[in-house]
Amino acid sequence: MTDHILKRFDDELEKLGSRIGKMAVLVQQQVTDAIDALQRGDMALALQVIEGDDKVDLYDTKIEKHCMRLLALQQPVAIDLRTVLSALSVNRNLERMGDAAVNIAERIPLLEPHTELVTRTHIGVMGEVATAMIKDALTAFTEADVAVARSVVVRDNIIDEQDLQNFDILTDIMREHPELVEAASHLLMISRNLERLADEATNIAEEAVFVADAKIVKHRGWGRPDRNEDGNPTAPTADGDNGS
């Protein structure tokens, strides 16, 4: 009976992993399509992203119910418990990524007369970096790879800096060209949504650390050069420098 129960639990974990994987593939495609549609001014592709959100939401509901059922009925412990809890968290991250992709897609038709403004910002580079972060974060989570997870967290600083630079660029455009205020405002929101995508990728990377090492590194600056493997500040040197 015990072997039967364990086999059933392993099967349920495998099914959960499969669902997370399918949702991840879908969300990655949503993000890629939203960024491509923005850069090409492709209204049809933007609409496809918007319409695809229902499928993401359906996965979200199924995965959440699956995780809750496992927690309630199987009462997992140790790494199995961490796996289920992290799957629940990653599911939320993926759903929010899907929302961010839709938010980007919804603004593309409103930018149609001024798509050239995109090239005056860092949005194209942000899209490339955010897309790579998402891919690597999911790899880190699937393979419990802490090194890959750290590489994702480090890149979040790049996205944050580019978002700040976009704010300066676009507010300058607004001051100099009042007729472009609306278009620039939409690009500000797109930049912010790309920053959100990077944040969600970072959250998934941090979940990978939780699964692999049972360490909670959220909100501790983990991955920064002046922090150690636990996210704590590195020891200061004799001259007061932190050693980084």
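Quick note: the coordinates plus some simple rules give every number you see, no bench work behind them. From a predicted model like this one, the values you see are computed outputs, not experimental measurements. Here the Cβ is made from the backbone with ideal geometry for all residues, glycine too, and neighbour counts use every protein chain on show.
Annotations
- Listed by Cβ neighbour count within 10 Å, with the fewest neighbours leading, F210, F141, F167 appear as F167, F210, F141.
- Angle of helix 123-143 to the longest C-alpha principal axis of the chain, folded into 0 to 90 degrees and rounded to 10: 0°.
- Note on the chain: semi-axes of the ellipsoid equivalent to its C-alpha gyration tensor, largest first and rounded to whole Å, are 36, 26, 11.
- On Cα atoms only, tilt of 181-213 relative to the major axis of the chain in degrees: 20
- Within the chain: Cβ-based charge dipole about Cα centre, in debye rounded to nearest 20 (Lys, Arg +1; Asp, Glu -1): 780
- Helix-only [θ]222 nm of the chain, DSSP H runs n ≥ 4, -39500 (n - 2.57) each, per residue, nearest 500: -27000 deg cm²/dmol
- The relative contact order of region 8-213 comes to 27 percent, based on Cα pairs under 8 Å that sit 6 or more residues apart.
- Angle between the chain longest axis and helix 53-74 axis [Cα atoms, degrees, rounded to 10]: 20
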